[in-house]
1. Where is the GNM fluctuation largest for the chain (alpha-carbon springs, 10 angstrom cutoff): 89, 292, 226?
2. Looking only at 254, 222, 160, which one moves most when the chain is put into a Gaussian network model with springs between Cα atoms under 10 Å?
3. Hey, what did the chain get for relative contact order, percent, Cα under 8 Å, at least 6 apart?
4. State the Kirkwood hydrodynamic radius of region 61-282 in Å, one decimal place, computed from all pairs of distinct Cα atoms.
5. With the chain treated as a Gaussian network of Cα nodes joined by springs under 10 Å, which of 194, 135, 240 yields the largest mean-square fluctuation?
6. By count of other Cβ within 10 Å, fewest leading, how are 185, 81, 273 ordered?
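Each value in this text was obtained by applying a stated rule to the coordinates, not by laboratory testing. If you're wondering where the values come from, they're calculated on a predicted model, not measured in any experiment. So basically every Cβ, Gly included, is an ideal-geometry build from the backbone, and we count neighbours across all protein chains shown.
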């Protein structure tokens, strides 16, 4: 019986990997088709400068989406990502104003974001709150705290060297894009090749079965939300560096863009399905779509309509695939 069960498990894993591979291929083809479409309809789209701009725009949302992939695979959700971005930026801003060295200020901001992510995990694990409610409350309270600490006024006057963190380039590639790709590789390895990744999938597929199999589901939830908080803080550091100021309104609306990127990338809101590669492609699809629509002079209002339709289509396809 054990041999038969092992054979069934191997067959299921093989089928699941094939399914994920097909999903990533479909998503990639969609990205290529978008690029071809906008290249034909806009003479300015197909240029190295524009592609670097798209990469720069993708990096902020994409870095956060890497963490959100873990959360969604566990069948959770995090609506507080935009607020954590702003809060972490403000913490970095205050640290710099107090005269702390730039690396120390960034580390403090990363720790602050990670702590907020872990607090989300605590509310879900110990408080037994649904992820939607816990992170919605965190989104509102943390945004309010950020505005209260700054009186709604940006913090500025930093050392110009701080701008090099996000404003620099390596071989002509903007630093934020390099950070995004490196973090994507690191997080992708964790998800695909480590025990944490395997347990993340197990938790999202069936929490009770995961518990019976010896998976510490509470630790996995803490890890998923803590990682998301850390990556939000990283994006907050990039934004603060690019603007040379800490804006208390940073990150507003990011939660929708991040969730959209993850869903378009093939992750299922039901949990148990998703890859980092798919999320990276999904993030680029979002940026290419926005960039191309801007070049076609499409109104921002209609852009929201189009992106909403794309997200609804992705969710609908996911439901069909699940059935």
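1. Evaluated over the chain, the most mobile residue of the options is 292.
2. It is 160.
3. On the way: 502 pairs, mean separation 109.4, N = 323.
Relative contact order here is 34 percent.
4. Details: mean 1/r = 0.0576 Å⁻¹.
Kirkwood radius, region 61-282: 17.4 Å.
5. Fluctuation is largest for 194.
6. Working: 185 13, 81 33, 273 23.
The most exposed by this proxy come first: 185, 273, 81.
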